[in-house]
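The values are calculated or read from the model by the stated rules, or taken from the named source; none is laboratory data. The structure displayed is predicted, hence computed values, not measured ones. Neighbour counts run over all protein chains shown; Cβ positions are idealised from the backbone, glycine included. These accessible areas exclude ligands, DNA and RNA; they are computed on the full protein's heavy atoms, side chains included. Shrake-Rupley method; radii C 1.70, N 1.55, O 1.52, S 1.80 Å.
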Amino acid sequence: MPGSIYDGDYDLSKKWSDYMGADGVAKLWYESDLWDKKASRNAEQRANREDIDLLIEAVNSYDSSEFFNFADTYFSDQYYTYLALDVLWGTHHHDYFHNHKIYFDPYKGKFTPISWDIRFWRSDKNKDNSYYPLIEQISLNPQLEFKRDKELFRLLQIIDIEYINTLMSQEKEKFMDSFLEDNKRRKITINQKLFPWGETLNPPQLIVASEKDIDNIFSHYSNNLKTRLNYLKSMLDDAVVKYTIEKDHQNIKILFSVDGNSPVKIDSKNIKDAILYPGRRVVDGNALNLDLSGYGKTKVVTTPRFYTFSTPIADFDSSLLLGGVNAVTGKKVKFSKVESFDVKPSTPTELSRLSTSTDKIVKLEGTIEVDETLVYDKYTTVTIATGTTFVIDANRSIYFYGKVEAVGTEDHPIKFVAKDPKKPWGLVAVQGEAATGSRFEYCEFENGSIDTRNMIHYTSQFNIHDMGWFEVRHCKIGQNFLGDDAMHIAYAKGIVDSCEFIDARSDGLDIDISDVNITNNIFINSGNDGLDIMTTTMSASDNIFIDMGDKGISVGEWSEANITDTLFLRTVIGVEIKDKSKVNADNLIFVDTKSIAINLYNKNSRYDQGGSLEAKSIYLLGNREVKADKLSLYKIEKRVDNIIPNLEQYGWYKNLQNSTYRDLVDKIKVKYAQ
């Protein structure tokens, strides 16, 4: 995993006092230096703790609005699933001082929890038995709590208590025979100090002595789960809307009160698809009845939140008062008319101000001077007209978080260029699921570099991250002045076709954790690799690699690739396959390789295998070395040495339009004439 892993847990080798604050609450969620960094993206990032520092700062210092924006930017959807699991089982095992493991992905820019110690099923009628400052921030923010509750509701549809009881019965049967044959078993209790803070088991733990004891244990957990699930279903159904009416001869004014756990969705001629959220507040005191020191001192309860709506009577749609639906469960919610409210109405939100749609379309055309970094949010679809040129100041970047349609022509491409060729601009980043479907055709990128936003350290001038599908065709990816890659793809699925990668500072195209088709491309004079993939599924055909500083194609870290009909000319290494990666190949031509034509080996000790190659036809002209270490293997059905095949049959040869490349290939034909 190419990112940060943090362990938030009590270290038994340290003093308990180091973890405890003066108020008796553990400090883990208040001091980021108590989190142990277990892994990093690379050696340079081991000391970088900006991600955990930001998380702890946001949890403790951000107001509700700021924290919503933080969570919306930095939390993966899986985070809400994980938090919902704790609610589902009623566990109390994630708390103020231990059992937290968090991964920060530097390509997605998202925090994701690592599943750890979801145990101690409890039937308590508390929504949160696991409680700590992050949970408080989530539960006090109705929109974030709504996301968690939707995941909880989804999990409740999956849980089958009878199936779980069957699994428990199977487990019981596995050890019952051995248990009964243990003639030394006896009933004892443990009543000793178990932890540095002096806790004893209360009541003392009973060591089972009979079949009945075991049956009681399983019955206890089964009953706990049944009670818990019934409580949660009832809790999610809890949505109460009341209203009062004021009107005169011309106007009507309605005041709504929304209470209970779940928000309510309303839809009428007056208000379209609005969600009304209940309020929440903190209750002081040890309301959770948790036994252990440091677990928490507060809990959150729901309170009424008020909304108001005013309109001329002639325009009023009376269906607004009939009811809505529970936004979590989908059940109908009937509204109740009252003369007055039990609590004094707080400052109400005007329903007419609730935004029902934030989607918009922006068209860019002509010459665009980029003197400040441009950011287009995930609700914005951007269309870039043919012939548009972005003239970009030094260190300025363009970020697209929604879909992009950038379609030029061969005669009128879309260009991203430096305002001052001696001062590189930043980068173009297309980031996130909302950008799925983005398309770049006949675009040119040159003189870019690197930049950082939302803790994502982008490594190339053109980046495509974290989306379902993209297309890049007929583009020219020129020299980049800073960064590892001229173009970078991560967590994406798509195609790169008929592009030119020329004079990359290091790698021409770097692909991580993706599924990509690479066809009809030319890679010229990359400082390092032409094409570098990691943990990726790739189909590559009809590509040309000329004068690479290192490898033509590098296939690493558990990747799978099909590579066909490809030319490697004057690369240091033609193809390298390593670390549990597998390649199927056919019709590969290696000409004048400087070191090794094909190299297979185990580079990273975390993998127990090297590389694997199964090839049909391989042509080796000049240097003909194929090398594999003891953890690697290869099979080549047809190996031809120093005889060039009929190039006219190759798609890449037919598509060579540039006379320089055509002449270069023709010289190969002369040099190795049959």
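Give the number of residues within region 640-663 that are surrounded by 11 or more Cβ atoms within 10 Å (Cβ to Cβ) and part of a strand (DSSP E or B).
Number of matching residues: 1.
Under the condition of being in a loop (DSSP other than H, G, I, E, B) and polar (S, T, N, Q), which residue from region 458-501 is least open to solvent (accessible area, probe 1.4 Å)?
Asn480
How many of the residues in region 118-167 are among the β-branched types (Val, Ile, Thr) and open to solvent by less than 10 Å² (accessible area, probe 1.4 Å)?
Here the count works out to 2.
Taking into account only those residues within region 80-115 that are of a type in the set (Val, Ile, Thr), at pLDDT 90 or above and closer than 23 Å to Ile161 by Cβ, which is least open to solvent (accessible area, probe 1.4 Å)?
Ranking the candidates gives Val87 first.
In the list Asn623, Asn599, Asn642, which residue meets the criterion of being among the polar types (S, T, N, Q) and under 35 Å from the mean Cα position of the chain (by Cα)? Write out each step before concluding.
On the way: Asn623 fails: under 35 Å from the mean Cα position of the chain (by Cα); Asn642 fails: under 35 Å from the mean Cα position of the chain (by Cα).
Testing whether each residue is among the polar types (S, T, N, Q) and under 35 Å from the mean Cα position of the chain (by Cα) leaves just Asn599.
Please go through region 590-626 and pick out each residue that is surrounded by 20 or more Cβ atoms within 10 Å (Cβ to Cβ), farther than 19 Å from Thr535 by Cα and in contact with a Ser or Thr (Cβ under 7 Å, 6 or more places away or on another chain).
Answer for region 590-626, where residues must be surrounded by 20 or more Cβ atoms within 10 Å (Cβ to Cβ), farther than 19 Å from Thr535 by Cα and in contact with a Ser or Thr (Cβ under 7 Å, 6 or more places away or on another chain): just Thr593.
Looking at this structure, is Ile214 among the aliphatic types (A, V, I, L, M), modelled with pLDDT of 80 or more, outside any loop (DSSP other than H, G, I, E, B) and open to solvent by less than 20 Å² (accessible area, probe 1.4 Å)?
no
Working carefully through the options Leu631, Leu600, find the one that is part of a strand (DSSP E or B), at pLDDT 95 or above and farther than 26 Å from Val665 by Cα.
The unique qualifying residue is Leu600.
If you check every pair at least six apart or on different chains, which have Cβ atoms under 6 Å apart with a residue in region 37-49 that is without any contact (Cβ under 8 Å) to a residue 40 or more places away in the chain first and a residue that is open to solvent by 60 Å² or more (accessible area, probe 1.4 Å) second?
From residues that are without any contact (Cβ under 8 Å) to a residue 40 or more places away in the chain, the pairs are Ser40/Arg46.
Go through region 58-80 and give me each residue that's acidic (Asp, Glu) and closer than 14 Å to Glu136 by Cα.
The one that is acidic (Asp, Glu) and closer than 14 Å to Glu136 by Cα: Asp63.
Each row is one residue, and each column tells you yes or no for (1) modelled with pLDDT of 95 or more; (2) farther than 15 Å from Asp510 by Cα; (3) open to solvent by less than 10 Å² (accessible area, probe 1.4 Å).
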{"position": "Ala540", "(1), (2), (3)": "yes, no, yes"}
{"position": "Ile553", "(1), (2), (3)": "yes, no, yes"}
{"position": "Ala561", "(1), (2), (3)": "yes, no, yes"}
{"position": "Thr571", "(1), (2), (3)": "yes, yes, yes"}
{"position": "Lys578", "(1), (2), (3)": "yes, yes, no"}
{"position": "Asn584", "(1), (2), (3)": "yes, yes, no"}
{"position": "Leu588", "(1), (2), (3)": "yes, yes, yes"}
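State yes or no: is Phe416 open to solvent by less than 50 Å² (accessible area, probe 1.4 Å), farther than 30 Å from Ser76 by Cα, assigned to a strand (DSSP E or B) and touching a residue at least 24 places away in the same chain (Cβ under 8 Å)? Can you show your working first?
Numbers: open to solvent by less than 50 Å² (accessible area, probe 1.4 Å): yes; farther than 30 Å from Ser76 by Cα: yes; assigned to a strand (DSSP E or B): yes; touching a residue at least 24 places away in the same chain (Cβ under 8 Å): yes.
Against the criterion (open to solvent by less than 50 Å² (accessible area, probe 1.4 Å), farther than 30 Å from Ser76 by Cα, assigned to a strand (DSSP E or B) and touching a residue at least 24 places away in the same chain (Cβ under 8 Å)), Phe416 qualifies.
Are any residues in region 368-403 surrounded by 21 or more Cβ atoms within 10 Å (Cβ to Cβ) and over 18 Å from Glu444 (Cβ atoms), and if so, which ones?
Residues satisfying the conditions are Tyr399, Tyr401, Gly402, Lys403.
If the Cβ limit is 7 Å and pairs must be 6+ apart or interchain, which residue in region 87-98 that is touching a residue at least 60 places away in the same chain (Cβ under 8 Å) and among the aliphatic types (A, V, I, L, M) pairs with which residue that is open to solvent by 10 Å² or more (accessible area, probe 1.4 Å) and part of a loop (DSSP other than H, G, I, E, B)?
Taking only residues 6 or more apart or on different chains, the pairs are Val87/Lys127; Val87/Asp128.
Which one of Asp317, Asp342 is surrounded by fewer than 11 Cβ atoms within 10 Å (Cβ to Cβ) and either touching a Ser or Thr at 6+ places or on another chain (Cβ under 8 Å) or of a type in the set (D, E, K, R) (or both)? Spell out how you get there, then give the answer.
Numbers: Asp317 fails: surrounded by fewer than 11 Cβ atoms within 10 Å (Cβ to Cβ).
Exactly one of Asp317, Asp342 is surrounded by fewer than 11 Cβ atoms within 10 Å (Cβ to Cβ) and either touching a Ser or Thr at 6+ places or on another chain (Cβ under 8 Å) or of a type in the set (D, E, K, R) (or both), namely Asp342.
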